[in-house]
Amino acid sequence: MALTGYQLQYKRRMKKALALRAKADRQARFLVARLVSVLAQGELAATRIDRINTLYGTAMSLRTDLVNGYRLAGTSGALGQVAAASLGGAPAAVFVNLTANSAGAILPPDVDLD
């Protein structure tokens with residue numbers, strides 16, 4: 001049985017929305033990996049500054065307020081847990097059989113959805 005305009009419109013709009021969601025997920029994974037890496041670099045820098053402070057008897061601060069705030073918040077560990085928990089990916093996209101509302105007529109155009 002052929003799909004109505006309403007059903008085809010749903011499939012087209014949902015396909016675009018799912019692609020956008022997948023793109024956002026890929027970008028989030030990339031940025032999480034970058035942030036975790038940068039926070040690790042901040043810890044490496046803190047270790048080196050601490051050694052230098054010890055060797056020269058100085059008291060330079062180990063971390064900037066920004067990196068220290070992330071460290072105290074447990075950001076790196078929390079991001080790692082979220083990323084690991086979502087490795088299975090997105091839930092399966094199953095197109096449902098929509099009933100042909102409005103006698104199968106398509107909905108008005110929508111700039112955000114079309």
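The values are calculated or read from the model by the stated rules, or taken from the named source; none is laboratory data. As the structure is a prediction and not an experimental result, all values here were calculated from the model. In this analysis, Cβ positions are derived from the backbone assuming ideal geometry, glycine residues included, and neighbour counts consider all displayed protein chains. Remember, those area values only see protein heavy atoms, side chains included, never the ligands or the DNA or RNA. Shrake-Rupley method; radii C 1.70, N 1.55, O 1.52, S 1.80 Å.
Summary table
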| item | result |
| --- | --- |
| Among L79, Y10, N68 - extreme Cα towards positive end, dipole of the chain, charges at beta-carbon | Y10 |
| Alpha carbon Rg of segment 31-77, scaled by the compact-globule rule 2.2 N^0.38 Å | 1.24 |
| Accessible-area composition of the chain, carbon plus sulfur, in percent [1.4 Å probe] | 64 percent |
| S61 versus A19: modelled label distance in nm, points set 7 Å from Cα along the beta carbon direction | 4.7 nm |
| Neighbourhood charge, 12 Å Cβ-Cβ cut-off, centred on D50 and excluding it, Lys, Arg +1 and Asp, Glu -1 | +2 |
| I52, I106, reordered so the largest accessible area comes first (probe 1.4 Å) | I106, I52 |
| The chain: calculated mean residue ellipticity at 222 nm from DSSP helix runs of at least 4, using -39500 (n - 2.57) | -22500 deg cm²/dmol |
| Average Cα contact separation per residue, the chain, under 8 Å, 6 or more apart, as relative contact order % | 52 percent |
| Accessible area expressed per residue, the chain, with surrounding protein chains retained (probe 1.4 Å, Å²) | 78 Å² |
| Sorted largest first, extent of the chain alpha carbons per principal axis (Å) | 81, 28, 17 |
